[in-house]
Structures are given as C-alpha cells and as structure tokens.
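J.: One structure, pasted below without further comment.
The values are calculated or read from the model by the stated rules, or taken from the named source; none is laboratory data. Worth saying up front: this structure is predicted, and the values here are computed from it rather than measured. Note that we place each Cβ from the backbone using ideal geometry, even for glycine, and neighbour counts take in every protein chain shown. Side chains included, ligands, DNA and RNA excluded: accessible areas come from the protein's heavy atoms. Shrake-Rupley method; radii C 1.70, N 1.55, O 1.52, S 1.80 Å.
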Amino acid sequence: MARVIGFELSSQEPEKATEFYSKVFGWEIAEPKWEYWAVTTGNNVKPGIDGRIGKGPNDFPHGTRIQIQVNSIDDAISKAKSNGAMIVRDKMEFDDFYLAYLVDPVGLSFGLIQHKSKSEVSYLTSGGFSERRIK
C-alpha cells in the first residue's frame, strides 16, 4: 500500500512562508537547497509528517501537495492515468529517488516518490538534488 510521507507547500514568497510557519507552529526550517526548505514539524513522539516549503513553479505557483511513496513509480503513474489522472511533471530522476507530479480526476495535486534503495532515504534532506529527466 502506498503511504503519504511528506508535504510540499508552494509559494511565490517561500522565505515569508518559512518565517510564518516557524513562528506560528514552531516548525524547524533547514537552510534552503534549490529554493526548497526542509521542514521538521515535530519529534517522533507524536504521529505526523515533515515536508518542505519551496518557490512554486509555473504549473503550481501556490498550494499544498502530499508526497506519496510507491514501490514502482512507473506502475503508479500508469494506474493513475488509467483512472483519470493527468501528469503535470513526468518522472524525474534525482540522486536517491524518482519523483513525478500528477493531478487527480477532481483537480487535487499530488507527488509520487520512489526511493532507489530499499533503505528509507528522506528526499527532504538528501544531499543531492541533481535532477535528470526520464524519457
């Protein structure tokens, strides 16, 4: 079963957003990497997820997306498309994971992520964001 592992807040003013969420909710905000700030929302005592805040791209300038971890991003994209989803950004390759963005049939945006190794590697704090498009 696929599982939600994070969130992404998109804003045209990410610095202002990081300041807001840090002051209001006490979230820990890491130094930015590629205009993305890793966000820690709490410790492991209570259930919850961490995420990131970033400058929203042209195709998603403002909003919130969940990130869903899947075993096979290719299978998940295929199933999503056959059930009415639209691809916003097709499969992209990073150092430790693959990532794609889709919109479901009712207009909700979400991300799919597949880690390259069996070990749990966090895309939010991974050292390298060297993106390579997959055809």
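J.: What number goes with the only condition from (1) assigned to a strand (DSSP E or B); (2) modelled with pLDDT under 90 that GLY128 does not pass?
T.: (1)
J.: Could you identify the single residue in ILE53, ILE87, ILE77 that is in a strand (DSSP E or B), modelled with pLDDT of 95 or more, farther than 19 Å from PHE20 by Cα and of a type outside the set (Lys, Arg)?
T.: Just a single option satisfies the conditions, and that option is ILE87.
J.: What is the number of the single condition among (1) assigned to a strand (DSSP E or B); (2) modelled with pLDDT under 95; (3) open to solvent by 70 Å² or more (accessible area, probe 1.4 Å) that ARG65 does not meet?
T.: (3)
J.: Report whether or not VAL88 is β-branched (Val, Ile, Thr) and buried (at least 18 other Cβ atoms within 10 Å of the Cβ). Steps first, please.
T.: Values: β-branched (Val, Ile, Thr): yes; buried (at least 18 other Cβ atoms within 10 Å of the Cβ): no.
The answer is no for VAL88.
J.: If you don't mind, another one. Need the failing condition index for PRO105 against (1) under 17 Å from TYR36 (Cα atoms); (2) assigned to a loop (DSSP other than H, G, I, E, B), just the number.
T.: The single condition PRO105 does not satisfy is (1).
J.: Across segment 1-50, which residue is most open to solvent (accessible area, probe 1.4 Å) among those that are in contact with a strand residue (DSSP E or B) (Cβ under 6 Å, 6 or more places away or on another chain) and assigned to a loop (DSSP other than H, G, I, E, B)?
T.: Among those that are in contact with a strand residue (DSSP E or B) (Cβ under 6 Å, 6 or more places away or on another chain) and assigned to a loop (DSSP other than H, G, I, E, B), it is GLU35.
J.: To continue, here is another question. Which ones in segment 51-62 are open to solvent by 20 Å² or more (accessible area, probe 1.4 Å) and under 22 Å from ALA30 (Cβ atoms)?
T.: Of everything in segment 51-62, those that are open to solvent by 20 Å² or more (accessible area, probe 1.4 Å) and under 22 Å from ALA30 (Cβ atoms) turn out to be LYS55, PRO57, PHE60, HIS62.
J.: Are any of the residues in segment 108-119 more than 19 Å from SER10 (Cα to Cα) and assigned to a strand (DSSP E or B)? If you could, list the steps in order and put the result at the bottom.
T.: Taking segment 108-119 first, the residues more than 19 Å from SER10 (Cα to Cα) are 114-119.
After this cut, where a residue has to be assigned to a strand (DSSP E or B) as well, the list is 114-115.
The answer is yes; a qualifying residue exists.
J.: Same structure again: Go through (1) out of contact with any Phe, Trp or Tyr (no Cβ under 8 Å at 6 or more places or on another chain); (2) of a type in the set (Ser, Thr, Tyr); (3) touching a residue at least 24 places away in the same chain (Cβ under 8 Å); (4) closer than 21 Å to GLY107 by Cα for THR64 and report which single condition fails.
T.: (1)
J.: So is TYR36 modelled with pLDDT under 95 and among the hydroxyl-bearing types (Ser, Thr, Tyr) or not?
T.: The answer is yes for TYR36.
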